[in-house]
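Colleague: Just dropping this structure here.
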Amino acid sequence: MARKVAVVLFNLGGPDSPAAIKPFLLNLFRDPAILRVPFFVRPLLARVIARARVAPATGNYRLLGGKSPLLALTQDQASALEKALPDHEARCFIAMRYWHPFSLEAARAVKAWGPDEIVLLPLYPHYSSTTTGSSLIAWREAASRVGLMVRTTAICCYPTDPAYIRATAALVAAAYDKARTELDPGVPLRVLFSAHGLPEIIVRRGDPYQSQIELTVAAVLAAWGRSVDHAICYQSRATPQKWIEPSTEVEVERAAHDGTAVLVVPIAFVSEHSETLVELDVEYRDLARAKGVPGYFRVPTQNADPGFVAALAGLVAGALASGPGLCNATGKRLCAACFGDCPFAPADMRAS
């Protein structure tokens with residue numbers, strides 16, 4: 001008989017109504033992996049930051065019909081992934097970090113289904129203590145709370161997985177070719193790989209996220225096989241701290257100064273949501289227009305792209321073959337020893 005495999009998809013989550021925006025933000029900033037301040041300060045500071053961000057977030061979600069599209073798109077990915085795993089009786093469950101369905105809801109549903117094995121699959125290709133790390137902690141707490149005792153394998157990251165890279169490179173290549181057809185031949189085109197940012201202090205303390213973004217960009221360029229003008233930049237600053245640089249805003253302004261059009265690749269995102277549909281498609285497009293950038297284009301995220309779904313299926317198959325515990329797409333530790341927040345690092349070396 002085919003094994004019953006529960007695949008738990010981790011993602012950020014998003015408000016499903018205007019009323020959910022404030023509690024979503026509170027959940028986000030109450031997470032100790034996000035707001036790294038003393039525990040007795042965090043609740044107050046989270047309220048202050050959330051209160052300041054409610055109005056702009058409400059405006060952004062108004063452009064999206066009053067809610068995030070992330071859950072529906074993740075459900076599409078889940079449905080497609082189930083069909084891509086015909087050798088198993090596979091069912092996908094969604095565990096969002098900051099809004100429904102939370103890990104506890106997913107753990108209860110998994111337990112009710114009664115799988116033989118569980119694979120934890122983050123829809124964050126790049127490991128960070130603020131995303132996958134936080135989601136793994138939430139899952140372990142939820143599984144313990146409901147008494148879910150099943151053989152489990154957690155995939156920590158897949159920044160250089162060949163199938164993921166091929167799928168991403170194909171999207172970039174298609175968008176680049178389309179942009180070139182719409183541009184005057186004399187106008188140069190620069191590719192901006194835009195990733196979600198992180199406070200600089202988190203990276204300095206051993207988080208491997210930025211390093212993994214750089215690995216992905218190098219792999220995508222190699223798979224594409226085309227030498228192009230490009231840069232890596234970071235968006236979505238959310239706290240007053242210094243964040244990793246350069247910012248996407250600065251790179252758009254530099255493109256204006258250089259007289260080059262830009263093709264923005266949301267390299268850290270695999271689903272459309274407010275940071276792509278509003279921040280990239282509205283805010284940075286408006287900035288590019290205001291600064292005189294001669295052309296602004298954007299690569300779509302993977303969503304349920306068949307190549308990406310096939311990559312996820314391959315990751316699940318590899319996880320099942322590796323056995324319970326922690327694994328990644330390479331089968332070994334990917335991060336350099338200096339990254340103490342890598343989940344493969346010895347516990348006494350971890351920075352957080």
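Where a number appears in this text, it was derived from the coordinates with a stated rule and is not lab data. Computed from a prediction, not measured in an experiment: that's the story for all the values here. All Cβ positions, even for glycine, are placed from backbone atoms using ideal geometry, and neighbour counts span all protein chains on display.
Colleague: Length gain on complete extension for the stretch A336 to R180, per 0.36 nm per residue less the alpha carbon to alpha carbon distance? Intermediate values should be presented prior to the final figure.
Modeller: Values: separation 156, 0.36 × 156 = 56.16 nm, distance 3.77 nm.
This chain segment gains 52.4 nm when fully extended.
Colleague: Taking every alpha carbon pair in the chain, what does the distance histogram look like in 20 angstrom bins from 0, in percent?
Modeller: 29, 60, 10, 0
Colleague: If you find the alpha carbon centre of the range 71-96 and of the range 34-49, how far apart are they in angstrom?
Modeller: Centre-to-centre distance over Cα atoms comes out at 35 Å.
Colleague: Measuring from centroid to centroid over Cα atoms, what is the spacing of the range 235-280 and the range 165-197 in Å?
Modeller: 14
Colleague: Using the beta-carbon distance between F344 and R204 and R0 = 22 Å, what value does 1/(1 + (r/R0)^6) give for FRET efficiency, to the nearest 0.05?
Modeller: Details: r = 20 Å, r/R0 = 0.89.
So the FRET efficiency works out to roughly 0.65.
Colleague: Applying 1/(1 + (r/R0)^6) with R0 = 41 Å to the Cβ-Cβ distance of A321 and H100, what FRET efficiency is obtained, to the nearest 0.05?
Modeller: Computed FRET efficiency for A321 and H100: 0.80.
Colleague: For the chain, what is the mean residue ellipticity at 222 nm derived from helices alone (per DSSP H run of n ≥ 4: -39500 (n - 2.57); sum divided by total residues; nearest 500 deg cm²/dmol)?
Modeller: The helix contribution divided over the chain gives -13500 deg cm²/dmol.
Colleague: Just the number, please: percent antiparallel of the DSSP beta bridges in the chain, rounded to the nearest 5.
Modeller: 5
Colleague: I've got another one for you. Taking 22 Å as R0, compute the FRET efficiency from the Cβ-Cβ separation of Q75 and A2 and round it to 0.05.
Modeller: In this case the efficiency is close to 0.45.
Colleague: If the elastic network links every pair of Cα atoms under 10 Å, which of P294, P199, P38 fluctuates the most in the Gaussian network model of the chain?
Modeller: Residue with maximal mean-square fluctuation among P294, P199, P38: P38.
Colleague: Now a separate question. Whole-Hz ³J(HN,Hα) for each residue in the range 76-92, computed from phi via Karplus 6.51 cos²θ - 1.76 cosθ + 1.60 with θ = phi - 60°, x for glycine and proline: what do you get?
Modeller: 4, 5, 4, 4, 5, 5, 4, 5, 8, 10, x, 7, 10, 7, 9, 9, 9
Colleague: Mind checking the dipole of the chain: about its Cα centre, +1 per Lys or Arg Cβ, -1 per Asp or Glu Cβ, Debye to the nearest 20?
Modeller: In debye, rounded to 20, the chain gives about 960.
Colleague: In angstroms, what radius of gyration and Dmax does the range 162-298 have, counting Cα atoms only?
Modeller: Answer for the range 162-298, Rg first and Dmax second: 14.7, 45 Å.
Colleague: Report the chymotrypsin sites (Phe, Trp or Tyr not before Pro) located in the range 1-54 that are in a DSSP loop and have at most 13 other Cβ atoms inside 10 Å of their Cβ, or state none.
Modeller: Of the chymotrypsin sites (Phe, Trp or Tyr not before Pro), the ones in loops of the range 1-54 whose Cβ has at most 13 other Cβ atoms within 10 Å are F39, F40.
Colleague: With angles folded into 0 to 90 degrees, how steeply does helix 209-224 sit against the dominant principal axis of the chain? Use alpha carbons for both and round to 10.
Modeller: 70
Colleague: Along the positive direction of the dipole of the chain (beta-carbon charges: Lys, Arg +1; Asp, Glu -1; about the Cα centre), which of T248, F344, T160 reaches farthest?
Modeller: Looking along the dipole axis, the top candidate is F344.
Colleague: Hey, another quick one. Among G318, A80, N27, whose Cα lies farthest out toward the positive end of the dipole of the chain, if unit charges sit on the beta carbon of Lys, Arg (+1) and Asp, Glu (-1)?
Modeller: It is N27.
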